[in-house]
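Have a look at the structure below before the remarks.
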Amino acid sequence: MAEANYPQDLLYHPEHDWARVEDDLATLGITWYAQDALGEVVFFDPPAVGTTLVKDEPYAEVESVKAVSDVLAPLSGEIVEVNGDLTGDPGAINEDPYGEGWLVKIRIAEPAEREALLDADAYSATLGG
Amino acid sequence: MSSTTTSELPLQRERARTIFEKGAPGRRAFVCPERDVPQVSGEALPERFRRRDPPRLPEVSEPEIVRHYVGLSKRNFDLDSGFYPLGSCTMKHNPRLHERVAALPGHARLHPLQDPERAQGALELMWNLQQALAEISGLPHVSLQPSAGSHGELAGVLLTRAYHEARGEHRHKVLAPDTSHGTNPATVTMAGLEVVKVATNPDGGVDLDDLRAKADADVACLMLTNPNTLGLFDPNIEEIAQIVHGVGATLYYDGANLNAVMGLSRPGDMGFDIVHFNLHKSFTQPHGGGGPGSGPIAVSDRIAPFLPRPLVARKDDGVFDLDFGRAGSESKSIGRLRGFQGNYGCFVRSYAYICSLGGDGLRDASEAAVLNANYLLARLQEQDIGEYLPLAYGELCLHEFVLSGGPMKKQLGIKTLDLAKRLLDFGFHPPTVYFPLLVEEALMVEPTETETRETLDAFAAAIAEILREAADEGPEIAQNAPYTTPVRRLDEVGAAKNPVIRQAF
Amino acid sequence: MSRYTSITPADLDAMLETIGVPSIEALFERQIPEGVRLRRPLELPDGRPEQDVFAHLRELARKNVSAEDELSFLGAGMYDHYVPALIDMLMERSEFLTPYTPYQPEISQGGLQVMFEYQTAISELTALGVANASVYEGPSAVAAAGYLAKLHNGGRRFVVSAGLHPHSIETLRTQAHGYGMEVVEVPLREGVTDPDAWAAAIDGECSAAIFAQPNFYGAVEDAAALSGAAKDAGDPVVIAQVDPITLGILAPPGECGVDVAVGEGQPLGNRLDFGGPSFGFFAAREEYLRRMPGRIAGETTDVDGRRGFVLTLQTREQHIRREKATSNICTAQALNALGGVVYLTWLGRRGIVELGELLLARTHYARETLCALEGVEPLHTQPVIREFALRLDADVAEVKRRCAAQGVNPGVDLERITGREEDRGGLLVAITEQRSRADIDRLAEVLGAAVGAGERRSAGEPAVVA
């Protein structure tokens, strides 16, 4: 994805992770900023379904030629689904970080944690100039 | 000069074929000595332990082997052939005397488990080298055991841990500046501790306020190199030592940049407790394409009891020995870091270097290294270059300096990477790129003392030419460089996505 | 001007002027605080011209008794194999000797392709899918494999056979202490790892199970059984330290259930050099690829479609991944690994088998011949390939001194290297293709006399049960 883009319907964690909340489920991924900083992603190995995520803690790694980055959980919960398509070709993380590049889906444990996340404008502001 | 021709050069036309793709069934080089003892029965090695199919090694004749590997050598740039200003690598001339002495059978064919009484030459050499390193560093106790710089660092952190544990303390943190070499944090994690970064101040040195805030009783050690990776000597080093020692922590010196200060300043005198050396940097052990290296360490009195074993000792009668620390009471040593006693072949070469130069010669080498770096810096800050590649910190430097390619990128549209690739067409190895991370589009340059002024001038001229080319003819030339190397830019992403790391059969 | 520098007074003047300082001293005065300046010369002997340095180093060499000066049967991890002349020639070529790590692949295709070929050769030798471009040497390779296991499964202890090289066990202990892993040693029985003790020591908390093949005492282990038992008792990473020279005729670790195979590469085309530098090889099942330490060369293409090689998976390495690195190793022993791959190429597919068969036959002959001597018996009677352990009914140090006077070094004093009481009287004898039958016969003659000449250990001392 060539242009910086932060959809309004998502919640953002300051460490460049996003969450799309739908009832008691949340889909998680990394933001445009994160994939841009990493460069072309070469490897992503999702954690197993059933794994417990703790807010602010790393739950997986995204690997590019340049660097490996922790992916932090914006919310706590249990993984109900992972994006297996990324295993063969993780390119979607760069091309469509909010769509085909989703990483895991969780059942939210603590709905109140959403208060601590940022909306698109607040998150963009943290990225500065 | 350089060329942007698109017609292929001979080395480019030659398609890479591995040794496994050469030869033919039945060809051979090795002639096995004849069996001069009785044939063994099947019992000697039961069938179930035997290999069924031999490993699929090549089948080639000796001339084929020579032609293949000599051919490969021609697809390699090297220090003997050209300028190699890699920052923090100290690519100085590798004297061939060192290869000659290392090849003497008395050194080369000496078995590591030969009895010490019959290896007195080797032990004396190691002892003398230890003494020399102690004098250069200002710390009296030396172990030659670690295999390379990062191995020496691991030793240093393990030593620090052992030192604190012996005092009944369990400290968990190691402080390291945010300009530190990548090895440092990895080493710390392996030793079971945690890295805490210390900020750099606007002058490029350690931010003292940040250090004071972070230095507490849970800090085991501060790991520093001085001069640092920006090529700057921290003027506050004495105060840094006080702060660190004040909370009972140790001060560790990464010797990667020792080439700037030999005979001029000693880490022991700066207050460091543990110093590691890279024999493959300041002491001319050839880099060999990435290794071997050797990373001896020197420590203060309070750290000495924990040094790895064996150590070289000299008995009262002048006879040398290996001290394994087993005699008598419990040894406090951290133990072994590797087999036998270290990379002796590297000791021989470094010792020959120190014998050749002597104390004054080592100091002259550091002075020349610093002179060359400042001269090259001055040339690269001249009008047609300095505006695009400004010095990141300070005004003078020691043995290396860091430029920022930020303005070049903004104004000319070429990145440090592109500059580096275009330099290949001019016959130079580029400087270190994108390190330290603190500097945008970093270019770290270390010419070393063994380069002539003419070489430095030619390098500056090449940089000026590349910048002019970008300004006048556009960024595409550098962006698509190199053109004249055996292969051009390679697909590193593809290599990481679908790793092919061995020949398929 | 110093040795190897070129700054003439004219150069100096011009350079100082360009920089804008009056003297070299000014460069230091302005950057290094006076309090830490060294204001006296370094107390080292004066520098000397090349011919004097050469004479001095030759003098030191003469004080060493090398394999050139005596008939040597020393082994225990490093061996006096013949290094063919073409390896010396290639390892001294500027293009292999003097470059740095291949960070600019376009001008390092030679070195990178050598790494790729080396990785292939090691993978073939060990029958494991992936190999790196080498690590420092044998014992630290074992420690690196242990670290891989720790990162992989976070278990609490390493179980190691007492047949592992003592330096490997010690190195592993030193490093494991750093990250809080316990190391438990399983004894040998009749010269090989005690299978019952091995199975009993391994459970679900065992991170790695480690043995040597052949083991330190020269015995061939039942590697498949050890691996199988380990996987039955728990889920450790099975690690084997193997002798590469034996892999022409010995079943390779990849076919014996081993997950990670490491070892000392010195026997492959590298000199003794009093213990280093050499290289360690490191191979593993494909699933461990992204956990492998050290450098790896990978194949790729350039913008014009040419085949080429690059360092790959560098994100695992210290310089990018920092805290999460798979190790802190940032050097491959590139030059020594070059010697290794050229040696394996020189041996070739048939040569490595022939060499193995020759060593097997000579080692067998040597053990039989020596054990026929009075006061000499085998420490164990397991199959051996190139090295074996004896028990002498005499003081080993004394025996060695008497042999030395005859120009023979019969082997390694076992107790001195292992520190184990049960190894008292033990001698480890190594055979290479440079030790002919005549040499072995001479060893028998000299050793027999040396053992016979002294006081029997057994007289006045209870026999130590093996």
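The C-alpha atoms of chain C define a longest principal axis, and helix C:138-153 lies at about 90 degrees to it. The charge dipole of chain B, taken about its Cα centre with unit charges on the Cβ atoms of Lys, Arg (+1), Asp and Glu (-1) only, comes to about 2300 debye. Relative to the globular-protein estimate of 2.2 N^0.38 Å, the Cα radius of gyration of region A:1-121 stands at 0.96. Between C:Ser436 and B:Arg15, the FRET efficiency estimated from the beta carbon spacing at R0 = 41 angstrom works out to 0.40. As a ratio to 2.2 N^0.38 Å, the alpha-carbon radius of gyration computed for chain B takes the value 1.10. Looking at chain C alone, DSSP beta bridges between its own residues are antiparallel in about 55 percent of cases. May I ask which residue of C:Leu112, C:Met89, C:His167 lies farthest towards the positive end of the charge dipole of region C:86-342, with charges of +1 (Lys, Arg) and -1 (Asp, Glu) on Cβ and the Cα centre as origin? Of the listed residues, the answer is C:Leu112.
Which of the pairs C:Lys150/C:Lys400; B:Lys315/C:Lys150; B:Lys92/B:Lys421; B:Lys92/B:Lys415; B:Lys173/B:Lys410 have their Cα atoms more than 32 Å apart in this structure? Violating the 32 Å Cα-Cα cut-off are C:Lys150/C:Lys400; B:Lys315/C:Lys150; B:Lys173/B:Lys410. Counting Cβ atoms of other protein chains within 10 Å of each residue's Cβ and taking the mean over peptide C:19-27 gives 4.
Our note on the geometry: Cα centres of region B:155-197 and region A:1-68, 31 Å apart. Helix C:396-405 axis versus longest C-alpha principal axis of chain C: approximately 70°, rounded to the nearest ten.
Classification of region B:87-160 by its C-alpha gyration tensor yields an oblate form. The axis ratio a/c (a ≥ b ≥ c) is 1.5 or more, and b/c is at least a/b. Helix C:334-371 axis versus longest C-alpha principal axis of chain C: approximately 20°, rounded to the nearest ten. DSSP beta bridges confined to the protein assembly as shown are antiparallel in about 70 percent of cases.
Among the DSSP helices (H) of chain B, those spanning at least 27 angstrom by Cα along their long axis with an average Kyte-Doolittle hydropathy of -1.0 or more are B:344-380, B:453-473; this is a geometric and hydropathy rule only. Please report the spacing between the Cα centers of region C:167-214 and region B:317-382 in Å, no decimals. Their Cα centres are 35 Å away from one another. For region B:302-404, how big is the tail of P(r) above 23 Å, as a whole percent of Cα pairs? Above the 23 Å cut-off, region B:302-404 has 59 percent of its Cα pairs. Projecting the Cα atoms of B:Val433, A:Trp18, C:Ala61 onto the dipole axis of the protein assembly as shown, where Lys and Arg carry +1 and Asp and Glu carry -1 at the beta carbon, places C:Ala61 farthest toward the positive end. Each peptide in A:10-19, C:247-256, B:338-347 gets a packing score, the mean of other Cβ atoms within 10 Å over its residues, and the list from highest to lowest is B:338-347, C:247-256, A:10-19. The charge dipole of the protein assembly as shown, taken about the Cα centre with unit charges on the Cβ atoms of Lys, Arg (+1) and Asp, Glu (-1), comes to about 2920 debye, rounded to the nearest 20. When DSSP beta bridges are restricted to pairs lying wholly in region C:86-342, around 45% turn out antiparallel.
Taking N as the residue count of region C:9-49, its C-alpha radius of gyration divided by 2.2 N^0.38 Å amounts to 1.54.
Once the convex hull of all Cα atoms in the protein assembly as shown is built, its volume per residue stands at 170 Å³. Residues B:Glu454, C:Glu221, arranged from fewest to most other Cβ atoms within 10 angstrom of their Cβ, appear as B:Glu454, C:Glu221. Using a cut-off of 9 Å between beta-carbons, work out the net charge of the residues near A:Ala73 (Lys and Arg +1, Asp and Glu -1, A:Ala73 not included). So the environment of A:Ala73 carries a net charge of -2.
For C:Glu445 and C:Arg420, a Förster radius of 22 Å and the Cβ-Cβ distance give a FRET efficiency of 0.15, rounded to the nearest 0.05. In this Cβ point-charge picture (+1 for Lys and Arg, -1 for Asp and Glu), region C:9-49 has a dipole of about 220 debye about its Cα centre.
Each Cα pair of region B:31-133 feeds into the Kirkwood radius, which the Stokes-Einstein equation turns, at 20 °C and 1.002 mPa s, into a diffusion coefficient of 106 µm²/s. Per-residue extension of 0.36 nm, minus the Cα-Cα distance of B:Arg100 and B:Val66, leaves a gain of 10.1 nm for this segment.
One equal scatterer on each Cα of region B:274-329, no solvent, Debye formula: the resulting log10 I(q)/I(0) at q = 0.17, 0.20, 0.28 Å⁻¹ is -0.77, -0.91, -1.08. Stretching the chain fully between B:Cys32 and B:Asp301 yields a gain of 91.4 nm (0.36 nm per residue, less the alpha carbon separation). The shape of region C:150-212 comes out oblate: with a ≥ b ≥ c from the C-alpha gyration tensor, a/c is at least 1.5 while a/b does not beat b/c. The residue list B:Gln479, B:Phe30, B:Ile65 was ranked by how far each Cα lies along the charge dipole of chain B toward its positive end, using unit charges on Cβ atoms, and B:Phe30 comes out on top. Distance from the alpha carbon centroid of region C:342-394 to that of region C:120-136 works out to 25 angstrom.
With a cut-off of 16 Å on the backbone N, the residues of region B:34-54 near the modelled label site 7 Å out from C:Glu368 along Cα-Cβ are B:35-46. Mean projected area of the convex hull spanned by the Cα atoms of region C:345-426, taken over all viewing directions: 6.9 nm². Each Lys or Arg adds one and each Asp or Glu subtracts one; over the other residues with Cβ under 13 Å from the Cβ of B:Leu123, this totals -1. Residue exposure proxy: C:Glu17, C:Glu422, ordered by other Cβ atoms within 10 angstrom of their Cβ from fewest to most, comes out as C:Glu17, C:Glu422. As a size descriptor, the averaged projected area of the C-alpha convex hull of region C:147-278 was calculated at 7.9 nm². The Rg/Rh ratio for chain C is 1.04, where Rg is the radius of gyration of the alpha carbons and Rh is the Kirkwood radius.
Stretching A:Ala112 away from A:Thr51 to a fully extended chain increases their span by 19.9 nm, per 0.36 nm per residue minus the current alpha-carbon distance.
Put simply, the Cα atoms of region B:97-353 extend 55, 43, 30 Å along their principal axes, the longest span coming first. For the pair B:Ala217 and A:Glu100, label points projected 7 Å from Cα toward Cβ lie 5.8 nm apart.
Given region B:180-244 reduced to its alpha-carbon atoms as identical point scatterers, what log10 I(q)/I(0) does the Debye formula return at q = 0.12, 0.27, 0.28 Å⁻¹? Taking Cα atoms of region B:180-244 as identical point scatterers yields -0.30, -1.37, -1.41.
Counted by Cβ distance under 10 Å from A:Ala109, the other residues give a net charge of -2, where Lys and Arg count +1 and Asp and Glu count -1. Helix-only arithmetic for the protein assembly as shown: the sum of -39500 (n - 2.57) across DSSP H runs with n ≥ 4, divided by the residue total, places the mean residue ellipticity at 222 nm at -10500 deg cm²/dmol. The order of B:Cys32, B:Cys221, going from fewest to most other C-beta atoms within 10 Å of their C-beta, is B:Cys32, B:Cys221.
Read-outs: derived from the displayed coordinates by stated rules, not from any lab. Note that the coordinates shown come from a computational prediction; the quantities given were computed from them, not determined experimentally. In this analysis, Cβ positions are derived from the backbone assuming ideal geometry, glycine residues included, and neighbour counts consider all displayed protein chains.
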